[in-house]
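Following: one structure in structure tokens, then a few remarks.
The values are calculated or read from the model by the stated rules, or taken from the named source; none is laboratory data. These numbers were taken from a predicted model, which means no experiment stands behind them. Virtual Cβ from ideal backbone geometry, glycine too; neighbours counted across all protein chains shown.
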């Protein structure tokens, strides 16, 4: 209810503010027996972290994760995994002008109106910094999914009016991490980079979008109606900071397609299972996964914190004033949003894997009632 | 988990299949003291019901709602409201060819693969008929919202490549129910009607989209992060049958706007409260309502049941076959989808009104601990 | 939140008031493929229904259940099961004196204070009549558990100061349904019967308690800490109308046992699995089932509706008055409470069977991804 | 689902094992504007902490709490409060004999059977050490309740066969923290102390029980049926480690009382509100608080870790063996259980205060939509 929990069987509960002492999250419902180390998580945190390149904020956060519980001898125990990530480089001073004079299109005003107060340093709880928790939890979800043969990837397919051509899943895997923009089409990545530099120079920012895809998703994930796979992905992706649109399959284009055009005929695969001839349906039929790749897109608006003069209204003094936001900010969100979108996709899918009974909530080996010490290679008995 | 529940404090739990005996839902969490009659609900059901016009299925369902509990002398009691709607005109025979040979892009295959079985008559649980429950529950939510000064409306703003120009909220209220298409722009409505007739004639169907808007929403609805107003609207709207995209504010267009362009400066209203100069942010900032109108759009793909020959694969016989879907179906979904989108908007908002403490979960008069008999005008003491 | 929902993966959502038009519930999360008929449910409803004997209220309710959805050709489909039970014999007139003058120790005052109103006929939503829904849902849970080798039974082990000696599970199965009191020890049943008759004659009522036991529960049900099997049973049983105490294992007696006395040593069973030598722990260790029988006790206070003169305070007139409650009421609750306690035990266990992955949420055959028509013996293809 | 979350609007999510790096919890749903410091929490942690006296384990844990988020200038912000408590004095070596040979009546076997593994040091996740999180969260709940005029207290009313006479709420407040046993009746406390010393000397342990009471609870808390105040208290208290019975009001004694004896007549208070003449109903009627004090009792069995020789079965070697549990353990649980029971009572009540609308989920001042900086006395504007 408080907005800091995601998932039903695989639950993430987060805490932390941008300029607070630490960020952290608790992962509940991760089955026992998954090999897991801080490095598994760090890998994704490093892709999200600030200061990676010229097009990300210069805030210097190592974002080093510490696992506080839920692991025994390198394997998960089925009990809650507590993660803590210290904040190191918070400089709140620059936010003082905005304590009672909200930044345009930020959460400053809405948080203060809702709660009568807010943590104002660096955007506090409303800062995208909070997604460090999502990425940490998502890394664990990814590991579980990989065990089940599910792979997923995202890349930046649009910045401003520069759009990438369609790329294959393999191209995404190969190219999207090669450039600072995280676009899997190298030439387009260059164009995007130039465009971003342009806006950055003039003290402005620009929007964009992220394409995501999951392969190997089994048939049968998603519950009918309110908890359809598309509905839960809708929630997951619209929670991404700055998201203004979520599409799957044909997305908004579907408005112009006829039934005959969009419908995917059935044929048989080699094993005699019905499979769709095409995948205009985006891997989801009747709200439930069809076995085809699940793909879609998330639009992120331009960062609102820009070093241009804008007008604000100070509710304490009753005066209008002109202010610039001079903290350290990203000129564009999708490049750092890629691991965030992947995390939300992974968290949504792993939850449905548990809900459908394909992953056993108690243990990854799916053998209820077997007690053993194999998960404890380093326990005294095994030495 | 089973997909038939929506909401956290204002909860709707549904049951029923397209060709089953009855549809029904239980509304939990409606505060006591709301004047409510079957007519209040019927009004919206009539807008969703089949057989209204040439562009809706000819299935003859009166969709008469019966209130089984939760009302005393015309007022809600704060306890669960049970609603039942009988199914009258089900003809399952036409669906026999598809029992083991799934219709293209329908839920036939995914339901059978998930559950090993399915109610196959008329699409069973996956049929859009199930939204009769949503609209019934939504009507109650709307009544509560109206009490609090919140008004909402939707209309059809696109069918195929015919798009309506921007209309005001007042135009939506005035014109959207005047024509069969439910488009608030009369000339466009005519065009849409012609386009639909064309596709209908050639045995095809077409997609479209619905624009929605809510006015009078107070500042402060929505929780930070995963339960942001946009995330919960994302889930609500992506649950609408055939939804492939959800947008709010600038939606997909936001990719091309700069921060400077999209940011809304602050000024003061007459009471000295900061208000945004414009509403490019779509009424939501930092995931929380800003007090400005909330608006957005939902894309619905073309109906998949079309009387054209399509290929299917019979998993029992192992044979491919050509089939036409010859039940009674809509050639286009948005016109009947308008009350459904309104219902989901209302259910989402009323839930947040309760979660934010603006509506008292126990009673609409917000006076905890006062017992009286005023809600019972017809009780023996008041005669 | 509204109190009408029980369970997490196997969810029951209820509606209905004692003198309303109908009672009903929706079961969400029942796996597909379970053979189920109205008779399966009716069997247990008949054990709970009023008018069974001299020691139950004379209200004449057939309590005939109607299944509205979720069944295809005699098997569950994995989608919500809607049940409705009509109320037939409601005579509200006798409750008029209590509209604004609450009956002693009833929910009349608390409901009115909470909601500002209430359904006053026959106790409305607070009436034990509502447990008809629990028993209906519980009957489905029992069928699922039986498939998994779990059997459960309850019987009345105390009425007033008459206590039954310890009986075996087999005796419970054999004798508890033989007498009106539902005590598995025939001689004690006679004594209880006499005692109840005595109180009934003098216009009073008496308390008692119910013993329950489940056999065949596998090791591993229950989650650590807040969702331990004992905590969830505590909630389930304390929700039973009139419950004032819940005990499992040694219950309150455990206060006087030493660790050495209560601890159960370990030995091996024939298959080399560690098993406790005794079962003083009541089948639950560390909040998780140990594989031993789970047993415990629920105390129910005497019915509050008695035809003796009692003092009430009319909040409308401001006057104290003497009233007798002259509706039709039970002189003792445990006999009809036996199926209710069994239902709550079954609902709690089946939920944990799903949560632990031992029962597949999608289908009872535990074969994800197999689509077939075998669950539809009467579908046209199989004729 | 994972057992580490309590509450619905006021939610506590915990992590940590007895011998892990740290314990921690996240409190979601605490309204903004509550003055809160680490000291407020520490106070209760010190009452629960080990090594307080001769009758508690000698493990040396300072249990110092660190607040990581959710506080601005000494006031809560309405966003999640993250707490971390380091573990300092863990000595796992003594638990090695029990890795594959479970301690009698502990969670060793059930955890390993459920998850296939477990954190075996000091009982891991199943250790009562985990309640340090509950007490921390409960301290915040208590502060909120105090603001609303609700006071609560628990004391030890039975150890073995030594029972305390009935004491008043005032006596509990005055005396229960004066002695190591936490019994509000000083003479009985001495007897209890002697009894415990006796058992401790002979290497055994003993059970006992805790009485709790809450005063100032308003009328109307608790939802009908499954979420009645008694049902939710039942869950809360049966989650307390070693709890085998929960009673409220007359508890198990109610079996022997008649309706006439137990029913509480109504009279008027000075303001013309109906109030019960007595409180045999324990402050709850129809599952909802009546305004009278809520009281009850929790039985805790004897600690299972005792330095006596007991038999265990090693599942790895297949051999039976005799072992003593030689860690540092409490000879009796109720004295340290007092703050735990208080915490669970507070968490249950504060949740219902929010659910009933008596406490505003967003802010303690109940003024939705007012933004101000008063909660930030130390912000730069207020200096």
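Answer with yes or no whether residue D:135 is more than 10 Å from chain C (Cβ to nearest Cβ), assigned to a helix (DSSP H, G or I) and buried (at least 24 other Cβ atoms within 10 Å of the Cβ).
Considered against the rule, which asks whether it is more than 10 Å from chain C (Cβ to nearest Cβ), assigned to a helix (DSSP H, G or I) and buried (at least 24 other Cβ atoms within 10 Å of the Cβ), residue D:135 comes out as yes.
Given the condition under 24 Å from the mean Cα position of the chain (by Cα), part of a loop (DSSP other than H, G, I, E, B) and at positive phi, answer yes or no: does some residue in the stretch B:265-277 qualify?
No; the residues of the stretch B:265-277 include none that is under 24 Å from the mean Cα position of the chain (by Cα), part of a loop (DSSP other than H, G, I, E, B) and at positive phi.
Looking for something in contact (Cβ under 8 Å) with a residue 60 or more places away in the chain, farther than 14 Å from residue B:214 by Cα and part of a helix (DSSP H, G or I) - is there at least one such residue anywhere in the stretch B:339-346? Even if it seems obvious, please write down each step before you answer.
Here is the first cut: in the stretch B:339-346, the residues in contact (Cβ under 8 Å) with a residue 60 or more places away in the chain are B:339-346.
After this cut, where a residue has to be farther than 14 Å from residue B:214 by Cα as well, the list is B:340.
Those still in the list that are part of a helix (DSSP H, G or I) too: B:340.
Yes, the stretch B:339-346 has at least one match.
Filter the stretch C:210-239 down to the residues that are more than 16 Å from residue C:349 (Cβ to Cβ) and modelled with pLDDT of 95 or more and list them by number.
If the condition is that a residue be more than 16 Å from residue C:349 (Cβ to Cβ) and modelled with pLDDT of 95 or more, then C:210, C:211, C:225, C:226, C:238 are the ones that fit.
Among the residues that make up the stretch D:128-140, is at least one of them free of Cβ contacts under 8 Å to residues at least 12 places away in the same chain and out of contact with any strand residue (DSSP E or B) (no Cβ under 9 Å at 6 or more places or on another chain)? Can you show your working first?
If we filter the stretch D:128-140 for residues that are free of Cβ contacts under 8 Å to residues at least 12 places away in the same chain, which is where we start, we get none.
Scanning the stretch D:128-140 turns up no residue that is free of Cβ contacts under 8 Å to residues at least 12 places away in the same chain and out of contact with any strand residue (DSSP E or B) (no Cβ under 9 Å at 6 or more places or on another chain).
Quickly run through the stretch C:201-225 and pick out the residues that are over 23 Å from residue D:239 (Cα atoms) and within 11 Å of chain D (Cβ to nearest Cβ).
C:202, C:203, C:204, C:205, C:206, C:207, C:208
Please tell me if residue C:129 is within 22 Å of the chain's Cα centre (by Cα), more than 20 Å from residue C:348 (Cβ to Cβ) and part of a helix (DSSP H, G or I).
Values: within 22 Å of the chain's Cα centre (by Cα): yes; more than 20 Å from residue C:348 (Cβ to Cβ): yes; part of a helix (DSSP H, G or I): yes.
Answer is yes for this residue.
What are the residues in the stretch C:190-225 that are within 30 Å of residue C:287 (Cβ to Cβ) and part of a helix (DSSP H, G or I), if any? Steps first, answer last, please.
Step one: list which residues in the stretch C:190-225 are within 30 Å of residue C:287 (Cβ to Cβ), which gives C:207-225.
Selection gives C:225 alone.
Would you mention how many residues in the stretch A:100-126 are facing chain B (nearest Cβ under 9 Å), part of a loop (DSSP other than H, G, I, E, B) and more than 27 Å from residue A:27 (Cβ to Cβ)?
Residues meeting the conditions: 6.
Any idea which of (1) more than 8 Å from every other protein chain (Cβ to nearest Cβ); (2) in contact with a strand residue (DSSP E or B) (Cβ under 8 Å, 6 or more places away or on another chain) is the one residue A:343 doesn't satisfy?
(2)
Could you list all residues from the stretch C:251-263 that are at the interface with chain D (Cβ under 7 Å from one of its Cβ atoms) and either surrounded by fewer than 22 Cβ atoms within 10 Å (Cβ to Cβ) or part of a helix (DSSP H, G or I) (or both)?
Correct list: C:251, C:252, C:254, C:255, C:256, C:257, C:258, C:259, C:260, C:262.
Quick check on residue B:21: is it farther than 26 Å from residue B:359 by Cβ, surrounded by fewer than 19 Cβ atoms within 10 Å (Cβ to Cβ) and either at pLDDT 90 or above or within 12 Å of chain C (Cβ to nearest Cβ) (or both)?
It is true that residue B:21 is farther than 26 Å from residue B:359 by Cβ, surrounded by fewer than 19 Cβ atoms within 10 Å (Cβ to Cβ) and either at pLDDT 90 or above or within 12 Å of chain C (Cβ to nearest Cβ) (or both).
Considering (1) buried (at least 24 other Cβ atoms within 10 Å of the Cβ); (2) closer than 29 Å to residue C:18 by Cα, say which one residue C:153 fails and leave the rest.
Of the numbered conditions (1) buried (at least 24 other Cβ atoms within 10 Å of the Cβ); (2) closer than 29 Å to residue C:18 by Cα, the odd one out for residue C:153 is (1).
Just give me the residues in the stretch B:252-281 being out of contact with any helix residue (DSSP H, G or I) (no Cβ under 8 Å at 6 or more places or on another chain) and closer than 29 Å to residue B:339 by Cβ, in sequence order.
Of everything in the stretch B:252-281, those that are out of contact with any helix residue (DSSP H, G or I) (no Cβ under 8 Å at 6 or more places or on another chain) and closer than 29 Å to residue B:339 by Cβ turn out to be B:253, B:279.
Can you run down the residue pairs with Cβ atoms below 6 Å, 6 or more apart or on separate chains, where the first is in the stretch C:162-186 and touching a residue at least 60 places away in the same chain (Cβ under 8 Å) and the partner is in a strand (DSSP E or B) and surrounded by 16 or more Cβ atoms within 10 Å (Cβ to Cβ)?
C:169/C:213; C:169/C:215; C:176/C:155; C:181/C:156; C:182/C:155; C:182/C:156
Which of the numbered conditions does residue D:180 fail, given that it passes all the others? Conditions: (1) part of a loop (DSSP other than H, G, I, E, B); (2) crowded, with 19+ Cβ neighbours inside 10 Å.
Unmet for residue D:180, out of (1) part of a loop (DSSP other than H, G, I, E, B); (2) crowded, with 19+ Cβ neighbours inside 10 Å: (2).
What are the residues in the stretch B:268-281 that are closer than 18 Å to residue B:212 by Cα and either within 7 Å of chain A (Cβ to nearest Cβ) or touching a strand residue (DSSP E or B) at 6+ places or on another chain (Cβ under 9 Å) (or both), if any?
Hits for the stretch B:268-281 are B:279, B:281.
Name the single residue, out of those in the stretch C:82-97 being at the interface with chain B (Cβ under 7 Å from one of its Cβ atoms) and within 25 Å of the chain's Cα centre (by Cα), that is farthest from residue C:371 (Cα to Cα).
That would be C:84.
Could you tell me whether the stretch A:35-52 includes any residue that is within 14 Å of chain D (Cβ to nearest Cβ) and surrounded by fewer than 18 Cβ atoms within 10 Å (Cβ to Cβ)?
So far as the stretch A:35-52 goes, yes, one or more of its residues are within 14 Å of chain D (Cβ to nearest Cβ) and surrounded by fewer than 18 Cβ atoms within 10 Å (Cβ to Cβ).
Would a scan of the stretch D:226-234 turn up a residue that is at the interface with chain C (Cβ under 7 Å from one of its Cβ atoms), in a loop (DSSP other than H, G, I, E, B), more than 30 Å from residue C:201 (Cα to Cα) and more than 17 Å from the chain's Cα centre (by Cα)?
So far as the stretch D:226-234 goes, yes, one or more of its residues are at the interface with chain C (Cβ under 7 Å from one of its Cβ atoms), in a loop (DSSP other than H, G, I, E, B), more than 30 Å from residue C:201 (Cα to Cα) and more than 17 Å from the chain's Cα centre (by Cα).
With respect to residue D:142, determine if the residue is in a strand (DSSP E or B), at pLDDT 95 or above and crowded, with 21+ Cβ neighbours inside 10 Å.
No.
Mind checking which residues of the stretch C:349-372 are in contact with a helix residue (DSSP H, G or I) (Cβ under 6 Å, 6 or more places away or on another chain), in a loop (DSSP other than H, G, I, E, B) and buried (at least 21 other Cβ atoms within 10 Å of the Cβ)?
C:359, C:361, C:362, C:371 - these are the residues of the stretch C:349-372 that are in contact with a helix residue (DSSP H, G or I) (Cβ under 6 Å, 6 or more places away or on another chain), in a loop (DSSP other than H, G, I, E, B) and buried (at least 21 other Cβ atoms within 10 Å of the Cβ).
Hey, among the residues in the stretch C:1-18 that are over 30 Å from residue A:358 (Cβ atoms) and either more than 14 Å from every other protein chain (Cβ to nearest Cβ) or touching a helix residue (DSSP H, G or I) at 6+ places or on another chain (Cβ under 7 Å) (or both), which one's surrounded by the fewest Cβ atoms within 10 Å (Cβ to Cβ)?
Filtering the stretch C:1-18 for residues that are over 30 Å from residue A:358 (Cβ atoms) and either more than 14 Å from every other protein chain (Cβ to nearest Cβ) or touching a helix residue (DSSP H, G or I) at 6+ places or on another chain (Cβ under 7 Å) (or both), the one surrounded by the fewest Cβ atoms within 10 Å (Cβ to Cβ) comes out as C:1.
Restricting the search to the stretch B:298-337, which residues are in a strand (DSSP E or B) and out of contact with any helix residue (DSSP H, G or I) (no Cβ under 6 Å at 6 or more places or on another chain)?
The answer is B:310, B:311, B:312, B:313, B:314, B:319, B:320, B:321, B:322.
Could you grab me the full set of residues in the stretch C:282-309 that are facing another protein chain (nearest Cβ under 7 Å), within 20 Å of residue C:57 (Cβ to Cβ) and buried (at least 23 other Cβ atoms within 10 Å of the Cβ)?
C:301, C:302, C:303, C:304, C:306
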